[in-house]
Amino acid sequence: MTGQDLIGQRIKTIRRQRGLSQAQLAHPELSDSYVSLIESGKRTPTAAVLELLAAKLDCSLTYLINGVTAEQMQELELGLRYASLALNNGEVTEARRRYAELLEDGSLAGLISLRQEAEYGYALASEACGDLDGAISVLCRLREPGSDPLPPDRSIAVAIALSRCYRESGDLAAAVRVGEEAIIGPARPAWNDDLVELGATLLSAYELRNDMLRAEQFAAELLSAAEMLGTPRATVAACWNAAIVAERTGRITEALAFGERALAIQSENGAEPRNLARLRLAVAVLRFRASPAEAEACRDLFLRGERELTESSGSIADRARCAVELAKVEMALHNPDKAAGYARRANELAQERPRSVRADAHLVLGNALLSLGRTEEAAAELVAAEDLLSTSPVTRKTAEGWLTAATALERMEDGEASVAAYQQALACVGL
């Protein structure tokens with residue numbers, strides 16, 4: 001039902017509860033036919049008429065418009081604030097529960113803006129809990145034709161979250177489609193902070209599916225848009241993803257410069273904690289790849305990012321990735337025992353997805369066990385990694401995973417399996 005239909009329905013229900021006919025409610029200011037049209041949803045009453053009807057029906061204007069009393073409205077708004085606070089503080093399970101309770105209550109049915117806020121919050125909490133399918137379902141429902149239209153800023157926020165969830169689930173085609181629908185085309189809107197952030201999400205999907213020509217072109221376009229806007233949020237989003245593309249194309253020094261610039265701006269401008277933590281981790285990864293000798297300093301950055309993710313709305317996937325990177329750093333520092341511990345933690349966190357993180361965790365664990373001389377256990381981890389890689393989307397990450405597996409198998413002197421893994425890596429990059 002539309003808001004107009006719901007208002008008419010409430011007027012009709014209360015009129016009947018009061019034992020009034022349409023003519024009695026209308027007299028003397030209105031006609032009974034006009035009241036009939038309002039109740040059937042065929043006319044939208046003015047504010048003055050609504051006030052008049054509320055007085056005649058002896059109910060609050062708030063109830064006629066929203067279907068709740070002023071006290072109920074305050075309780076709902078307070079409930080949404082508590083749910084949002086729990087999400088931002090990293091209490092993602094609690095946040096999801098609170099949002100679910102608000103949506104199940106039914107009081108939000110006629111409160112379009114608050115209901116959309118609750119559904120969006122529930123989707124973010126579901127994503128943070130690792131339920132990507134649940135998050136995608138809610139976000140798609142918010143965008144369905146025929147549903148209540150989203151305000152422009154909420155519409156872009158939903159598109160960002162949906163594209164990101166599709167990307168994390170491995171459905172890169174859907175991630176790209178969602179981003180391109182909003183950004184590319186004849187009706188393309190003017191750049192703003194929201195669209196640059198959506199563009200950054202789209203850019204990461206291009207990069208993951210190995211569409212590097214498009215990624216490089218789009219990275220330059222985003223940097224130009226961010227420079228034109230001159231806002232911290234746009235600059236951070238554009239630089240962050242330009243760093244990813246630069247690193248992907250072998251320009252590691254340039255990538256690190258982009259990443260450190262984004263982190264400096266993000267740190268100075270009171271950024272959302274989850275995004276700050278994720279950016280810190282991304283810069284730590286770049287720094288570690290650029291200079292493996294700085295492994296100890298990078299470990300400190302990863303540990304700080306891990307704390308920030310735990311204390312914010314960082315998703316399980318984010319925390320799993322952090323654990324994998326910590327495992328890789330510990331391997332570089334010749335601490336295979338610690339590396340194995342972090343890799344096991346990553347697997348526990350990732351559970352069913354994202355598959356690339358679980359594959360990474362098995363690979364690091366396999367290498368750690370191999371360094372500890374536990375060859376049979378290492379072989380089992382490599383088999384688990386290969387099972388995940390063989391059913392993963394063909395991306396750069398998948399190719400890197402096969403290459404890591406091939407190297408480990410070579411160390412184990414399993415020549416046949418090593419050659420097969422090398423061949424899989426080449427196939428992932430089209431060779």
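The values are calculated or read from the model by the stated rules, or taken from the named source; none is laboratory data. Not measured: the values here are computed from a predicted model. Cβ: placed from backbone, ideal geometry, glycine included. Neighbour counts: every protein chain shown. Heavy atoms of the whole protein, side chains included, go into the accessibility calculation; ligands, DNA and RNA do not. Shrake-Rupley method; radii C 1.70, N 1.55, O 1.52, S 1.80 Å.
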*Among (1) open to solvent by less than 40 Å² (accessible area, probe 1.4 Å); (2) among the β-branched types (V, I, T); (3) at pLDDT below 85, which single condition is I65 missing?*
(1)
*State whether one or more residues within the stretch 157-165 are touching an Asp or Glu at 6+ places or on another chain (Cβ under 8 Å), of a type in the set (A, V, I, L, M, F, W, C) and surrounded by fewer than 21 Cβ atoms within 10 Å (Cβ to Cβ).*
yes
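Looking at the stretch 257-275 only, could you name the residues that are open to solvent by 30 Å² or more (accessible area, probe 1.4 Å) and assigned to a helix (DSSP H, G or I)?
We begin by selecting, within the stretch 257-275, every residue open to solvent by 30 Å² or more (accessible area, probe 1.4 Å); these are 257-258, 260-261, 264-265, 267-270, 272-273, 275.
A257, F258, E260, R261, A264, I265, S267, E268, P273, N275, listed by residue number.
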*Check the stretch 403-415 and report whether any residue there is closer than 22 Å to G430 by Cβ and touching an Asp or Glu at 6+ places or on another chain (Cβ under 9 Å).*
yes
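Conditions (1) among the small types (G, A, S); (2) open to solvent by 70 Å² or more (accessible area, probe 1.4 Å), marked per residue:
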position	(1), (2)
G8	yes, no
I14	no, no
L30	no, no
E51	no, yes
A55	yes, yes
Q72	no, yes
L80	no, no
*asked:* So if I check each of L286, L326, L349, L279, which one is open to solvent by less than 30 Å² (accessible area, probe 1.4 Å), closer than 23 Å to A125 by Cα and assigned to a helix (DSSP H, G or I)?
replied: L279
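Go through the stretch 100-113 residue by residue and tally those that are more than 20 Å from Q9 (Cα to Cα) and either open to solvent by 30 Å² or more (accessible area, probe 1.4 Å) or of a type in the set (D, E) (or both).
Of the stretch 100-113, the ones more than 20 Å from Q9 (Cα to Cα) are 100-104.
Then keep just the ones that are either open to solvent by 30 Å² or more (accessible area, probe 1.4 Å) or of a type in the set (D, E) (or both); that gives 101, 103-104.
So the count comes out to 3.
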*Residues L281, L326, L303: which one is at pLDDT 85 or above, under 20 Å from N88 (Cβ atoms) and within 23 Å of the chain's Cα centre (by Cα)?*
L281
